[in-house]
1. What is the extension gain from ASN175 to LEU51, computed as 0.36 nm multiplied by their sequence separation minus the C-alpha to C-alpha distance, in nm to one decimal?
2. In the neighborhood of MET139, defined by Cβ-to-Cβ distances under 9 Å, what is the net charge if each Lys or Arg adds +1 and each Asp or Glu adds -1?
3. Can you put LEU51, LEU142 in order of Cβ neighbours within 10 angstrom, beginning with the fewest?
4. May I ask you to compute the full-extension gain from PHE113 to PHE71, defined as 0.36 nm times their residue separation minus their alpha-carbon distance, rounded to one decimal in nm?
5. Got a sec? How would PHE62, PHE162, PHE113 order by Cβ neighbour count within 10 Å, fewest to most?
6. Give, as a single signed number, the net charge of other residues whose beta carbon lies under 12 Å from the beta carbon of GLN188, with Lys and Arg counted +1 and Asp and Glu -1.
7. Give me the one-decimal Kirkwood hydrodynamic radius in Å for segment 45-99, with the sum taken over alpha-carbon pairs.
8. Quick check: net charge around ARG34, other residues with Cβ under 13 Å of its Cβ, Lys/Arg +1 and Asp/Glu -1?
Amino acid sequence: MHFPLFPVNELQKLDSTSQSSAGFFDHQELFPERLLVYHAGTGRTVFLGSLKVTTIFIATFFCAVLGPTYFYAENESPWVSVIVILSGIIPMISVLYMTSPFVNYIHLRLPPFARNSNELMRRFTKTLPRDAEIDITTMNVLGKPRVARMKIQDLSATNERFGLVNYVRDTKTINKRRKWWMGKAVRQFWRSCGEGEYSGG
């Protein structure tokens, strides 16, 4: 069973933001095609991106430097080097596992008619159709943004990875069409249930 991504109260917040930004967009006549409706926060995004990269560097150092050093040391057991290597790999795997579903941004894709005026845009967001398209931005292993485009009806609420994932989508059909070197499409997402940052553009 599928559930809408945006609760009613959040759409109302988006509507109020659009009204406050009306003066800015009036002279441009059009809203942007991609409307930012959720932002996890710059500080949190930068921290998680830095954490991913840091754990990768630490794991590389433990595996390439410390591990061989203890392995070839005459007064150390070979098991010590294994423990050292694992102490670098395990934190990296844990961080990548826990942070991979983290959602940085969600952009709502406005159809052409909804970009022509504030009133049309507000009507569209108040009665958001389930086939409306959204772009969900997450981070890859190195903290680089990756964008997954889908319809709202493709998402369903869930509780996976001990609460680290609260939305999923079916990616079987998408993965069949993807080239092997592109990897699998993002299936799991974690969107904060707290207050996000909203923007009118």
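Please treat every number below as a calculation from the coordinates, not as lab data. Just so we're clear, the structure is a prediction, and the values are computed from it rather than from any experiment. As a convention, Cβ positions derive from the backbone with ideal geometry for all residues, glycine included, and neighbour counts pool all protein chains shown.
1. Extra length available between ASN175 and LEU51 comes to 41.8 nm.
2. Once all neighbours under 9 Å are counted, the net charge is +3.
3. By the 10 Å Cβ count, ascending, the order reads LEU142, LEU51.
4. Net length gain for the segment: 8.5 nm.
5. The fewest-first ordering by Cβ neighbours comes to PHE162, PHE113, PHE62.
6. Charge balance in the 12 Å sphere: +3.
7. 11.7
8. Here the charged neighbours net out to 0.
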